[in-house]
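S.K.: Okay, here's the structure, questions in a sec.
All of the numbers you see were taken from the coordinates with simple rules; none came from a lab. Predicted model, so just to flag it, every value in this text is computed and none were measured. Cβ placement follows ideal geometry from the backbone for every residue including glycine, while neighbour counts extend to all protein chains displayed.
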Amino acid sequence: MPELPEVETIARGLDKRVRGDVIESVWIGKRHQPLKSPAREIARTLEGGRIAAVRRVGKHIVFDLEQGAAKHQWIVHLGMTGRMQVALPEDEILKHTHAIAKLESGREVRFVDPRMFGKLSVVRDKHGFEAQGREPLDIGFELFAELFHKRKTPIKSALLNQKLLSGIGNIYADESLFRAGVRPRRRAASLTREELKKLYAAIPEVLNEAIAAGGSSVSDYVDAEGDEGFFQLQHRVYGREGEPCLVCKTPVKRLVIGGRSSHYCPRCQK
DNA sequence: AGGTTGACCTGGACGC
DNA sequence: TGCGTCCAGGTCAACC
């Protein structure tokens, strides 16, 4: 489900609603293996923690927790289908609910994830969680260009590589490449400086427009308030195979690159 | 070492 | 109605 704009939307919603609240107790379902930290350590780290802030790092949601002088972090990765809900105890517990944090205010933060690709983990004794790659909204052009300089992999795959840039996924890779006029199969190293500049400009443009729209709801994505995003209405190529390009009317093509479907306009993108 | 592929899961859409 | 197939917003480990 979630790429940078969706995770940003969810993290903002959570921050608005639960910042300052205290986690009283934690339940973690037995079925849920996707724990990067042992369930007991997660529970021990969360319980008693005051939520100082909720924010996004790459595609991760980070809860900054304070227990007295101690600082911990709860890290949530939503995988493909993960959801975070703020619910009341009497609200129906959805199928595939894998973790529930009960708050002092009486509300609950619930983690729901049908496909179980999501991951929960904690960082203890510091606020030290960092993404592996650079933030695409906060990188200079020279560094950006350097990332792709010697890469033989298709630019589409390079954009999805979280060790290079963190936060871009399949939708926003395709949308960024369309706006930059670059075909997804082009080798990253083959992009000219001009093309790199277009891509460098296109990425934050797309991401920021998507954040403003509350993310893309392609199938079942909803934010922490249960609201859908609507950036899918502004997709120019993603999910539009066979439909006319919004610029030149040429049918949008779809091909598979690195196992991911990729959409592009064969006329607008070189 | 960098690049590519398949595996991990559930569920919805579609064709017969 | 039911079955089979394909597809999905993401990562990883295992190969070359």
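S.K.: Taking θ as phi - 60°, what are the ³J(HN,Hα) couplings along region A:252-264 by the Karplus curve (6.51, -1.76, 1.60), each to the nearest whole Hz, with x for Gly and Pro?
M.R.: 5, 9, 10, 9, 9, 10, x, x, 10, 6, 10, 10, 7
S.K.: Going down the list A:LYS95/A:LYS126; A:LYS16/A:LYS36; A:LYS126/A:LYS156; A:LYS36/A:LYS198, which pairs span over 29 Å between their C-alpha atoms? Provide the component values of the computation, followed by the final result.
M.R.: Values: A:LYS95/A:LYS126 34 Å; A:LYS16/A:LYS36 27 Å; A:LYS126/A:LYS156 35 Å; A:LYS36/A:LYS198 38 Å.
Pairs exceeding the cut-off: A:LYS95/A:LYS126; A:LYS126/A:LYS156; A:LYS36/A:LYS198.
S.K.: Enumerate the calculated ³J(HN,Hα) couplings along region A:239-246 in order (Karplus 6.51 cos²θ - 1.76 cosθ + 1.60, θ = phi - 60°), each rounded to whole Hz, writing x wherever the residue is Gly or Pro.
M.R.: Coupling constants for region A:239-246: x, 10, 3, x, 7, x, 4, 6 Hz.
S.K.: Also, I was wondering about something else. May I ask for the angle, rounded to the nearest 10°, between helix A:170-180 and the longest principal axis of chain A, with both axes built from Cα atoms and the value confined to 0 to 90°?
M.R.: 40
S.K.: If you don't mind, another one. Given an 8 Å cut-off on Cα distances and at least 6 residues of separation, report the relative contact order of region A:178-270 as a percent. Mind dumping the intermediate values first?
M.R.: Numbers: 117 pairs, mean separation 26.2, N = 93.
Value for region A:178-270: 28 percent.
S.K.: What is the order of A:ASP91, A:ASP64, A:ASP113, fewest Cβ neighbours within 10 Å to most? Kindly include the intermediate steps, with their values, before the conclusion.
M.R.: Working: A:ASP91 12, A:ASP64 20, A:ASP113 25.
Arranged by neighbour count, lowest to highest, A:ASP91, A:ASP64, A:ASP113 become A:ASP91, A:ASP64, A:ASP113.
S.K.: Over the Cα atoms of chain A, how large are the radius of gyration and the largest Cα-Cα distance (Dmax), in Å?
M.R.: Reported Rg and Dmax, both Å: 19.7, 61.
S.K.: Among A:TRP27, A:TRP74, what is the fewest-to-most ranking by other Cβ atoms within 10 Å? Can you show the working numbers first?
M.R.: Details: A:TRP27 14, A:TRP74 26.
By the 10 Å Cβ count, ascending: A:TRP27, A:TRP74.
S.K.: How high is the relative contact order of chain A, given as a whole-number percent (alpha carbon pairs under 8 Å, six or more residues apart)?
M.R.: About 19 percent, as a whole number.
S.K.: May I pose another question? How large is ³J(HN,Hα) for each residue in region A:10-18, as worked out from phi by the Karplus curve 6.51 cos²θ - 1.76 cosθ + 1.60 (θ = phi - 60°), to whole Hz, x for Gly and Pro?
M.R.: Using θ = phi - 60°, the values come out as 5, 4, 4, x, 5, 4, 4, 8, 10 Hz.
S.K.: Once every DSSP H run of n ≥ 4 in chain A is given -39500 (n - 2.57) and the sum is divided by its residues, what mean residue ellipticity at 222 nm do you get, rounded to the nearest 500 deg cm²/dmol? If you can, show how the numbers build up before the last one.
M.R.: Numbers: 6 runs with 68 residues, N = 270.
Dividing the helical sum by the residues of chain A leaves -7500 deg cm²/dmol.
S.K.: Angle check, please: helix A:193-212 long axis (alpha carbons) against the longest principal axis of chain A (alpha carbons), in degrees 0 to 90, nearest 10.
M.R.: That helix lies at roughly 40 degrees to the long axis.
S.K.: Just rank A:TYR200, A:TYR264, fewest to most, by other beta-carbon atoms within 10 angstrom. Walk me through the intermediate numbers first.
M.R.: Details: A:TYR200 19, A:TYR264 26.
By the 10 Å Cβ count, ascending, the order reads A:TYR200, A:TYR264.
S.K.: Which whole-number percent of Cα pairs in region A:146-233 have a distance greater than 16 Å? Before the final figure, lay out each step's value.
M.R.: On the way: 2064 of 3828 pairs.
The calculated P(r) of region A:146-233 puts 54 percent of pairs beyond 16 Å.
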